[in-house]
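Participant: Sharing a structure below in structure tokens format, with a few things to ask.
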Amino acid sequence: MKKLQIICLAAFAFLFSNTTFAQETEATNYDQGFRLGFGVNGGLPTDNDYDWALGGDVRLQYDLSKKTSLTLTTGFTNLFNGKKDAAGNDIKDLGFIPAKAGFKAFVLKDQFYVLGELGAGFAVTNGYNNTTFLWSPGIGYANKYIDLSVRYEDYHDFRTNQVALRVAYGFKL
């Protein structure tokens, strides 16, 4: 029993000494800063109200650390429709401006990330004047200049949603 206590005490001392050495190394600071990205989005609505979506966006990103960032995204998205309503009238396309704030976390090799965004969508075309709450989780890959991502986007008051692919070019400001 006494030998077990000595082994446990030695293991604890060893772990404690490693922690102490780790504390003595110099910390390197990550160069926080802004990035700007311009993207093209193509999507497929997951319901039957619209056929497809196309849009463009601008994303401002502030890097909190090497692995985490805050984002602000806006642009224009159009949901296209080739269908008719019950009376035989064409259903109008819906164009809107999204305004989203988000959080991006790099999870693998500082290139693969998860992203969550919340915001509003402001309808601007074809007589629509609604504003909707929107939320958008996604996953992606980014390097120094290219950002590729897939996201789900839900437009609550527009009663639709989509799965979209984003291809973007970004750079450090």
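The values are calculated or read from the model by the stated rules, or taken from the named source; none is laboratory data. Every value quoted in this text rests on a predicted model; they were computed, and no experiment measured them. Note that each Cβ is placed from the backbone with ideal geometry, even for glycine, and that neighbours are counted across all protein chains shown. The area values use the complete protein model at the heavy-atom level, side chains included, leaving out ligands, DNA and RNA. Shrake-Rupley method; radii C 1.70, N 1.55, O 1.52, S 1.80 Å.
Participant: Might you check whether a residue that is among the charged types (D, E, K, R) and touching a Phe, Trp or Tyr at 6+ places or on another chain (Cβ under 6 Å) occurs anywhere in the stretch 70-85?
Facilitator: No - not one qualifying residue is present in the stretch 70-85.
Participant: Scan the stretch 40-58 for residues that are open to solvent by less than 70 Å² (accessible area, probe 1.4 Å) and in a strand (DSSP E or B) and report the count.
Facilitator: Residues flagged as open to solvent by less than 70 Å² (accessible area, probe 1.4 Å) and in a strand (DSSP E or B) within the stretch 40-58 amount to 9.
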